[in-house]
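**Student:** Dumping the structure here so I can ask a few things about it.
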Amino acid sequence: EEVLGKPSAVGVFPLDRTPEGVNDLAGNVAEWTLDVVGDRRVIHPGSCEQPSMAAWAKALHIRSPAARVPDLGFRLVRDL
C-alpha cells in the first residue's frame, strides 16, 4: 500500500491488477455511483485523500449531486 496523497497514473502499481488485467480499482478518487438515496447520490469512497479502509468494497458515502470536491470523480472504462 502506497500513500502518495495525490492521484496517480493508471498502471503505476503493476501488482495492483486483477487477473483480467484491470488496473487501479481503488485509490485515486472517490466515485459517483448510479445509486440514489432521496435527493442525494451514493459515492464509493477510497480516494487518495482518505484512509485505505475507505476503499473497502462495502464502504459508501452519500452526497448532494452538486458536491464538488477535488477527490471525487467517475471511472472511465473501455472494452479491450
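**Student:** If packing is taken as the average count of other Cβ atoms within 10 Å, what order do 44-50, 63-69, 30-36 fall into, highest mean first?
**Tutor:** 44-50, 30-36, 63-69
**Student:** Across segment 33-40, in residue order, what do the Karplus-derived ³J(HN,Hα) couplings come to in whole Hz, using 6.51 cos²θ - 1.76 cosθ + 1.60 with θ = phi - 60° and x for Gly and Pro?
**Tutor:** The phi angles translate into 10, 7, 6, 10, 10, x, 9, 10 Hz.
**Student:** Under a point spin-label approximation (7 Å from Cα along Cα-to-Cβ), what is the Val22-Asp35 distance to one decimal in nm?
**Tutor:** 1.6 nm
**Student:** Leu72's amide H: which non-local residues (gap 5+, or another chain) put their own amide H closer than 5 Å, with H modeled 1.01 Å from N in plane and none for Pro or chain starts?
**Tutor:** Residues meeting the amide H criterion: Ala30.
Each reported figure results from applying straightforward, stated rules to the coordinates on display, with no laboratory input. Predicted model, so just to flag it, every value in this text is computed and none were measured. Cβ atoms come from the backbone with ideal geometry, glycine included; neighbour counts cover every protein chain shown.
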